[in-house]
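Asker: First, the structure itself, so that you have it in front of you.
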Amino acid sequence: MSPNRSFISSGGGALLATGVALMTIAGQVHAQPSSQADQGRLRHPVPERIHVDDARGNDRNPGTRERPLKSISAAVALLPELLTRSVTIEVSGGSYTSTGGHEMAGNCLELMRRMRPQAEVRIVGQPNKQGQRPTLAWEGGPAMVDVREGNWWLENVQIGSGSTRQRRGVMVAGPGHITLKNVTFRTRSHSDAAIYAHRGGKVSLRGAIKLNEHLHDKAGDETFAGIIATDHGLVRFQEREGASLEIGNGSLSAGYYGCIRLGCETARITSWGEQSNNLAINNGGRIDLHNTTTRLCAKKRRNTPIGLEHDGHILAEDAHIIIEGENEDAIALQKASTLTCNDIELRGLFKTTIWASSGSMFVGRFLTDVTRVYATTGASINIEAVDGQIIGPVSAEHCGVVSLPDRNVFSE
């Protein structure tokens with residue numbers, strides 16, 4: 001039998017304790033700490049504020065402002081397994097090349113705690129004397145941050161330092177939830193995500209969210225960093241005023257009932273990938289651009305700024321969509337996909353404005369000229385208004401229907 005395990009009889013029954021010794025008092029079982037970590041969790045309440053400073057901290061310190069911890073994982077290790085009230089972890093500016101490796105890997109910040117409904121843990125970056133905010137710079141893990149349980153908050157930090165060994169940024173699975181506020185990402189990949197929500201995981205966005213935003217005008221290989229919501233994952237903005245999204249080389253991708261909801265003031269999404277639409281939705285995924293001025297640019301001509309297939313859906317109520325570039329198609333809808341929107345503005349040369357097939361549906365208005373419009377195999381395109389001219393051609397075949405503002409209807 002290992003030294004940390006013991007059987008204790010209580011009322012004729014046997015109890016097995018691992019890592020925590022048990023004692024009986026008047027027939028009741030009480031937990032007794034069997035390690036230094038357990039002693040801290042069971043005997044000393046966690047402070048409301050914990051301080052971390054890589055430059056002057058030490059993980060043997062108590063985590064006060066005067067005597068901060070050195071690593072973020074040491075601060076997380078102070079949290080009890082069941083959190084009944086909120087805690088803030090203040091992280092001083094600087095480069096953190098390891099989580100610290102306390103009860104987790106050194107190359108992945110693992111966030112998992114049971115919490116009462118109103119409790120949360122806030123990890124907030126504070127500028128150092130040089131004005132630098134914290135940069136999470138460890139390499140080689142499955143994700144920079146992995147959230148699996150509990151309600152977490154990450155604010156005023158940079159995730160990634162631009163290394164090609166930092167593929168995925170924040171990954172969240174249910175029942176985990178994380179709020180990101182004023183967070184910048186510098187991760188690099190061929191097609192991976194800076195923000196990845198799956199299996200019911202939830203990500204709330206606030207303030208300015210930036211994903212390699214310096215790459216709008218030029219991007220090299222392995223600089224992709226997008227947002228993915230899949231398998232009922234949810235990524236959503238929780239505020240509009242002053243909130244924004246910038247993606248310099250990436251996309252919004254939703255599938256298998258994953259959902260991405262903007263609702264911020266502005267969003268700018270540029271894609272440089274060989275096979276990367278700006279809005280890529282398939283297999284029951286959904287993107288909601290509600291009330292957001294959304295600017296899309298696919299740099300590769302064969303890509304499509306808005307490309308939906310296999311029951312993909314976009315709702316753009318009160319949104320203003322600006323599509324820039326010189327692509328073959330501006331909008332493509334396939335296999336029972338839908339796009340409903342208010343205003344679409346085309347800035348560039350597009351051979352086809354919109355084509356739809358296989359039972360897909362479009363309803364919306366254009367603020368500029370409209371080039372080729374094409375519906376096939378039961379698809380429906382309803383253009384409510386055009387501020388410019390319909391240059392065309394306009395065609396429909398195989399039970400497709402195109403309805404224009406002047407009440408002309410094209411169908412086969």
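Asker: Work out the FRET efficiency for residue 274 and residue 310 from their Cβ-Cβ distance, taking R0 = 22 Å, and round it to the nearest 0.05.
Answerer: The pair residue 274/residue 310 has a calculated efficiency of 0.60.
Asker: Ok, one more. If you add up the charges near residue 309, with Lys and Arg at +1 and Asp and Glu at -1, over every other residue whose beta carbon is less than 15 angstrom from its beta carbon, what do you get?
Answerer: Residues near residue 309 contribute 0 overall.
Asker: OK, next. Under the 0.36 nm per residue contour assumption, what length would be gained going from the current alpha-carbon distance of residue 190 and residue 126 to full extension?
Answerer: Gain on extension, residue 190 to residue 126, equals 19.9 nm.
Asker: Tell me the label only: which of [x] 22.6, 70; [y] 25.9, 88; [z] 20.9, 68 is Rg and Dmax of the Cα atoms in Å as calculated from this structure?
Answerer: Identified label for the calculated read-out: [y].
Asker: Would you work out the relative contact order for the chain, in percent, from Cα pairs under 8 angstrom that are 6 or more residues apart?
Answerer: With pairs under 8 Å counted, the relative contact order is 6 percent.
Asker: Another question, if that's okay. So how do 407, 113, 301 line up by other beta-carbon neighbours within 10 Å, fewest first?
Answerer: With the fewest neighbours first, 407, 113, 301 line up as 407, 301, 113.
Asker: Sticking with this structure for a sec: How long is the gain from residue 377 to residue 408 if the chain were fully straight, where each residue apart is worth 0.36 nm and the alpha carbon distance is subtracted?
Answerer: 9.2 nm
Asker: Given a Förster distance of 45 Å, report the FRET efficiency between residue 97 and residue 290 from their Cβ-Cβ distance, rounded to the nearest 0.05.
Answerer: 0.70
Asker: In addition: With θ set to phi - 60°, apply the Karplus curve 6.51 cos²θ - 1.76 cosθ + 1.60 along region 100-116 and write out the HN-Hα couplings as whole Hz, x wherever there is a Gly or Pro.
Answerer: Once rounded to whole Hz, the list reads x, x, 7, 6, 6, 6, x, 10, 7, 7, 9, 10, 8, 8, 7, 9, 5.
Asker: Hey, another quick one. So what J values fall out for region 349-360 if you push phi through Karplus, 6.51 cos²θ - 1.76 cosθ + 1.60 with θ = phi - 60°, rounded to Hz, Gly and Pro as x?
Answerer: 10, 10, 4, 10, 6, 8, 9, 9, 9, 6, x, 6
Asker: Here is a follow-up. May I ask you to compute the full-extension gain from residue 165 to residue 399, defined as 0.36 nm times their residue separation minus their alpha-carbon distance, rounded to one decimal in nm?
Answerer: Working it through step by step, the gained length comes to 79.2 nm.
Asker: Output wanted: per-residue J couplings in Hz (rounded whole) for region 306-313, from phi through Karplus 6.51 cos²θ - 1.76 cosθ + 1.60, θ = phi - 60°, x for Gly and Pro.
Answerer: So the J values, rounded to whole Hz, are 10, x, 10, 7, 6, 6, x, 9.
Asker: Restricting things to Cα coordinates, could you compute the convex hull volume per residue of region 282-331 in Å³?
Answerer: Each residue corresponds to 68 Å³ of Cα convex hull volume.
Asker: Let me check I've understood the local charge: for residue 189, count other residues with C-beta under 12 angstrom from its C-beta, Lys and Arg +1, Asp and Glu -1. What total comes out?
Answerer: The answer is +2.
Asker: Can you compute the label reach from residue 49? Point 7 Å from Cα along the Cβ direction, backbone N cut-off under 15 Å, restricted to region 187-216.
Answerer: none
Asker: Continuing with the same structure: Which listed residue (131, 162, 293) has the Cα farthest towards the positive end of the charge dipole for the chain, taking +1 on Lys and Arg C-beta and -1 on Asp and Glu C-beta about the Cα centre?
Answerer: It is 131.
Asker: If you don't mind, another one. Could you work out the pair-distance distribution P(r) of region 168-208 from its alpha-carbon pairs, with 10 angstrom bin width and percents rounded to whole numbers?
Answerer: 29, 53, 18
Asker: If we count every other residue with Cβ under 10 angstrom of residue 169's Cβ, Lys/Arg +1 and Asp/Glu -1, where does the sum land?
Answerer: +2
Asker: If amide hydrogens are placed 1.01 Å from N in the peptide plane, which non-local residues have theirs closer than 5 Å to the one on residue 263?
Answerer: Here 290, 292 satisfy the definition.
Asker: Using alpha carbons only, how many angstrom separate the centre of region 264-307 from the centre of region 351-371?
Answerer: Computed from Cα coordinates, the inter-centre distance equals 15 Å.
Asker: Here is the link list: 218/351; 70/218; 129/210; 181/202. Which ones come out longer than 26 Å on Cα distance?
Answerer: From the list (218/351; 70/218; 129/210; 181/202), the Cα-Cα distance tops 26 Å for 70/218.
Asker: Counting DSSP beta bridges with both partners in region 116-411, what percentage is antiparallel, nearest 5?
Answerer: 5
Asker: Sticking with this structure for a sec: Using a Förster radius of 35 Å, what is the FRET efficiency between residue 65 and residue 240 based on their Cβ-Cβ separation? Nearest 0.05, please.
Answerer: 0.50
Asker: Cα atoms only, region 278-412: Rg and Dmax in Å?
Answerer: Values for region 278-412 (Cα only, Rg and Dmax): 13.3, 36 Å.
Readers should treat all values here as calculations from the given coordinates under stated rules, not as data from a laboratory. All values reported here derive from a predicted model rather than from experimental measurement. A quick note on method: Cβ atoms are made from the backbone with ideal geometry, for glycine too, and the neighbour counts reach across all protein chains shown.
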